């Protein structure tokens, strides 16, 4: 009788330890995803802080390209108001699209490219874009690890019990694959 009680107690302790361990792994992975998204947002903020300086440096010489500047400002505003990771990712992609149109326009203004301030800001923006790309990759890696954990048996049972659900990957919107079109014709 005593032996049976000890065996049952041992099994219960093993099950509780497994539940505890699985839950803690899920919490750690979930926090890893959230922490990595914070890194992505930090890089977005760095880029967004550079954009107004870049635009101000270029704006005076390109008065006919006001649409590009407006699109950049509007996209930054949408990002600031976005609530979910997916909404922020979509808004960030809109910023990238407007910024790429601005860079295409700049290619047609050699005098701008030769300005030291513009060159410095372009280099900083390129660095910011690289950092964003790296952090997005790390975010997707963290999401992948978390999603695998929430789908594997038997951890998926614990995930369902405690409300851990699959996270979304950062994916570029379909329009990001298309090159921006810039019309440089001046209206008379």
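Structure data summary
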| quantity | calculated |
| --- | --- |
| Hits in segment 77-90 - residues which are without any contact (Cβ under 8 Å) to a residue 40 or more places away in the chain and either outside any helix (DSSP H, G or I) or buried (at least 20 other Cβ atoms within 10 Å of the Cβ) (or both) | 79, 82, 83, 84 |
| Within segment 102-139, considering residues that are farther than 19 Å from residue 49 by Cβ and buried (at least 19 other Cβ atoms within 10 Å of the Cβ), the one modelled with the highest pLDDT | 139 |
| Test: residue in segment 142-151 that is assigned to a helix (DSSP H, G or I), modelled with pLDDT under 85 and crowded, with 19+ Cβ neighbours inside 10 Å | no |
| Test for residue 95: is it under 21 Å from the mean Cα position of the chain (by Cα), within 14 Å of residue 47 (Cα to Cα), modelled with pLDDT of 80 or more and in a helix (DSSP H, G or I) | no |
| Residues of segment 152-174 classified as within 16 Å of residue 36 (Cα to Cα), over 12 Å from the mean Cα position of the chain (by Cα) and surrounded by 18 or more Cβ atoms within 10 Å (Cβ to Cβ), total | 1 |
| Subset of segment 58-68 that is assigned to a helix (DSSP H, G or I) and surrounded by fewer than 19 Cβ atoms within 10 Å (Cβ to Cβ) - its residue that is modelled with the highest pLDDT | 67 |
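Residue-wise test of (1) under 26 Å from the mean Cα position of the chain (by Cα); (2) surrounded by 17 or more Cβ atoms within 10 Å (Cβ to Cβ).
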residue: 4; (1), (2): no, no
residue: 16; (1), (2): no, no
residue: 22; (1), (2): no, yes
residue: 33; (1), (2): yes, yes
residue: 37; (1), (2): yes, yes
residue: 56; (1), (2): yes, no
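The values are calculated or read from the model by the stated rules, or taken from the named source; none is laboratory data. Keep in mind the model is a prediction, meaning the values are calculated, not measured. Quick reminder, even Gly has a Cβ in these numbers, built from the backbone with ideal geometry, and neighbours come from all protein chains shown.
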